[in-house]
1. Among the residues of segment 147-175, what is the count of those that are more than 15 Å from the ligand (Cβ to nearest atom), surrounded by fewer than 23 Cβ atoms within 10 Å (Cβ to Cβ), closer than 26 Å to residue 46 by Cβ and in contact (Cβ under 8 Å) with a residue 12 or more places away in the chain?
2. Taking residue 276 as meeting all but one of (1) in a helix (DSSP H, G or I); (2) touching a residue at least 60 places away in the same chain (Cβ under 8 Å); (3) within 16 Å of the ligand (Cβ to nearest atom), write down the number of the exception.
3. If residue 137 passes every condition in (1) more than 9 Å from the ligand (Cβ to nearest atom); (2) surrounded by 15 or more Cβ atoms within 10 Å (Cβ to Cβ) but one, which one does it miss?
4. Scan segment 238-246 and give yes if some residue there is within 21 Å of the chain's Cα centre (by Cα), within 14 Å of the ligand (Cβ to nearest atom), surrounded by fewer than 22 Cβ atoms within 10 Å (Cβ to Cβ) and modelled with pLDDT of 95 or more, otherwise no.
5. Residue check: is residue 205 surrounded by 16 or more Cβ atoms within 10 Å (Cβ to Cβ) and within 9 Å of the ligand (Cβ to nearest atom)?
6. Within segment 208-226, work out how many residues are closer than 17 Å to residue 163 by Cβ and in contact (Cβ under 8 Å) with a residue 40 or more places away in the chain.
7. Being surrounded by fewer than 23 Cβ atoms within 10 Å (Cβ to Cβ) and under 19 Å from the mean Cα position of the chain (by Cα): is that true of residue 129 here?
8. Could you list all residues from segment 189-206 that are part of a loop (DSSP other than H, G, I, E, B) and in contact with a strand residue (DSSP E or B) (Cβ under 6 Å, 6 or more places away or on another chain)?
Ligand code: NAP
């Protein structure tokens with residue numbers, strides 16, 4: 001039987017509507033500052049999307065566009081100013097930064113209470129030990145999708161393919177927090193297909209077209225495709241061979257229209273969370 005398609009676009013619209021309603025109850029609207037450095041076309045698309053999301057949620061937003069020739073110090077100075085501004089609840093530096101920047105130093109410069117991407121080591125540490133705080137946008141978007149579609153990971157075997165700090169690792173932590181048994185696979189995993197076949201819930205977060213084939217998926221598994229790749233025709237696609245896997249899975253996310261919109265929606269959740277913590 002064909003899998004149920006997890007509609008990330010529709011769910012993201014619902015999440016943003018909820019955020020908008022909750023934000024309306026605040027005395028002062030939440031504010032997000034987005035910093036973009038250089039002229040990476042993909043970054044421009046993402047930043048424009050975030051501004052639009054802020055409008056939809058009734059947030060204040062502002063963009064700071066620095067030239068690709070800007071220095072590390074200029075960026076750190078800008079972050080220092082935004083850190084002190086009361087109208088700004090969240091600061092987001094669009095990644096990747098041009099080569100001359102030290103990304104880790106930049107991300108650490110953002111005050112943890114304004115770190116809406118949840119990249120600061122302080123927030124990553126809180127996530128690890130299960131304290132309340134920001135949740136990283138992509139993995140928390142995945143968890144929200146699972147919840148919405150009635151997939152309880154407790155006691156299930158979740159396999160996460162990819163171990164990046166942005167997706168794979170925090171995804172595994174969030175699933176562990178919900179009482180799943182989690183396997184994390186990566187480029188040195190010798191038996192990827194065998195590991196994937198054990199998954200009740202399979203999360204692909206690699207960035208390789210066609211990596212997850214139907215023979216790697218157990219009948220009835222839930223398949224979440226985080227990746228955003230371009231295939232040979234230049235079309236957006238994930239890591240999963242969608243058509244064939246959809247014949248075996250119980251649920252599957254499409255690309256586009258799956259995890260991507262949810263990542264954006266969870267950024268709005270985090271900005272609202274920051275505003276509330278700032279007493280708004
Ligand atoms: P990344 O930092 O490049 O990490 C990729 C991971 O995949 C690494 O852990 C790597 O292993 C692993 N890997 C590479 N080849 C593999 C293979 N053949 N078998 C198993 N694992 C393999 O990428 P990322 O930032 O996590 O992003 C992953 C994908 O998700 C990309 O397509 C990205 O565009 C997409 N993404 C989407 C969203 C969204 O909102 N939908 C958000 C973020 C990222 P090693 O650690 O051993 O190198």
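1. Taking segment 147-175 first, the residues more than 15 Å from the ligand (Cβ to nearest atom) are 147-158, 175.
This time we only want the ones that are surrounded by fewer than 23 Cβ atoms within 10 Å (Cβ to Cβ), so: 147-157.
From the residues that got through so far, the ones that are closer than 26 Å to residue 46 by Cβ too are 147-149.
If we keep only those that are in contact (Cβ under 8 Å) with a residue 12 or more places away in the chain as well, we get 148-149.
Total satisfying the criteria: 2.
2. (3) is the only condition that residue 276 fails.
3. The single condition residue 137 does not satisfy is (1).
4. Narrowing segment 238-246 to residues within 21 Å of the chain's Cα centre (by Cα): 238-240, 242.
The next check asks that each one be within 14 Å of the ligand (Cβ to nearest atom); those that pass are 238-240.
Right, trim to surrounded by fewer than 22 Cβ atoms within 10 Å (Cβ to Cβ) and you get none.
No: zero hits.
5. Working: surrounded by 16 or more Cβ atoms within 10 Å (Cβ to Cβ): yes; within 9 Å of the ligand (Cβ to nearest atom): yes.
Yes, satisfied.
6. Step one: list which residues in segment 208-226 are closer than 17 Å to residue 163 by Cβ, which gives 208, 211-212, 224-226.
In the following step, the residues that additionally are in contact (Cβ under 8 Å) with a residue 40 or more places away in the chain were identified as 211-212, 224, 226.
So the count comes out to 4.
7. Working: surrounded by fewer than 23 Cβ atoms within 10 Å (Cβ to Cβ): yes; under 19 Å from the mean Cα position of the chain (by Cα): no.
So residue 129 does not fit the description; no.
8. Taking segment 189-206 first, the residues part of a loop (DSSP other than H, G, I, E, B) are 189-191, 198-200, 205-206.
198, 199, 200, 206, listed by residue number.
The values are calculated or read from the model by the stated rules, or taken from the named source; none is laboratory data. Because the structure is a prediction, the values reported are computed rather than measured. Using ideal geometry, Cβ is built from the backbone for each residue, glycine included, and neighbour counts are taken over all protein chains shown.
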